[in-house]
Amino acid sequence: MIKMNYEKDVKIDESALEIEWLDQPSLMLKYAKHAAIMSRALDEAKEELDAVSAELDKLIRADPDKFDLPKVTEGAITSAIKLDKRYKTAYSAMLDAKYESDMAKGAVRALESKKDALENLVKLHGQQYFAGPKMPRDISWEREQKQNRADQTVGQRLKRNNKIKL
């Protein structure tokens with residue numbers, strides 16, 4: 001079985017979005033294949049569990065005394081099957097396969113989320129969300145400067161007008 005590094009592969013390096021985008025399709029394919037393999041392993045484990053169960057059912061019906069069954073009923077047969085070591089082993093293998101299959105499917109969903117996150121990060125970059133900080137405008141200072149210029153202009157006009165009148 002291939003060792004997958006789910007946590008590492010779903011992380012995003014914000015400083016290398018172009019590399020993340022280039023790697024995304026191959027990661028998605030890798031995990032989709034892994035999920036399919038794990039799903040197949042789960043199906044095989046279920047088949048094995050069913051086969052063990054059927055074989056035990058057949059053995060119990062053929063020789064109920066060997067399984068300490070005084071009376072052969074469906075409930076007694078089902079209980080005897082579940083208590084058998086071969087069934088427990090097959091059931092445990094099926095649970096392990098189910099866990100691996102669920103984790104692999106979860107990794108595929110996480111990579112789909114990574115794709116969405118990459119798309120949104122690219123949009124934010126396009127909107128210059130991550131651009132350096134801009135100094136906020138000091139509107140009151142700008143207004144005061146404008147008013148001072150206006151006052152100076154008026155004052156200069158008044159001086160000119162006074163000089164002309166003299």
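The values are calculated or read from the model by the stated rules, or taken from the named source; none is laboratory data. Computed from a predicted model, the values in this text were never measured in an experiment. Cβ placement follows ideal geometry from the backbone for every residue including glycine, while neighbour counts extend to all protein chains displayed.
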Tell me whether region 21-29 contains one or more residues that are in a helix (DSSP H, G or I), surrounded by fewer than 16 Cβ atoms within 10 Å (Cβ to Cβ) and of a type in the set (Gly, Ala, Ser). yes
Determine, yes or no, whether LEU56 is touching a Leu at 6+ places or on another chain (Cβ under 7 Å) and either of a type in the set (Lys, Arg) or assigned by TED's automatic domain parsing to the domain that holds LEU121 (or both). no
Quick one: how many residues across region 48-68 are under 24 Å from ALA93 (Cα atoms), surrounded by 11 or more Cβ atoms within 10 Å (Cβ to Cβ) and over 45 Å from the mean Cα position of the chain (by Cα)? 3
Does region 106-124 hold any residues that are charged (D, E, K, R) and buried (at least 17 other Cβ atoms within 10 Å of the Cβ), and which are they? LYS114
Spot the failing condition for MET4; the list is (1) modelled with pLDDT of 95 or more; (2) touching a helix residue (DSSP H, G or I) at 6+ places or on another chain (Cβ under 8 Å), and only one is missed. (1)
Kindly indicate which of LYS85, LYS71 is within 41 Å of the chain's Cα centre (by Cα), in the same structural domain as GLU119 (by TED's automatic domain parsing) and either among the charged types (D, E, K, R) or exposed (fewer than 14 other Cβ atoms within 10 Å of the Cβ) (or both). LYS85
Could you tell me which residue of region 120-161 is modelled with the lowest pLDDT, considering only residues that are in contact with a Leu (Cβ under 9 Å, 6 or more places away or on another chain) and in a helix (DSSP H, G or I)? HIS125
Being in the same structural domain as PHE130 (by TED's automatic domain parsing), surrounded by 15 or more Cβ atoms within 10 Å (Cβ to Cβ) and over 30 Å from PHE130 (Cβ atoms): is that true of ALA35 here? yes
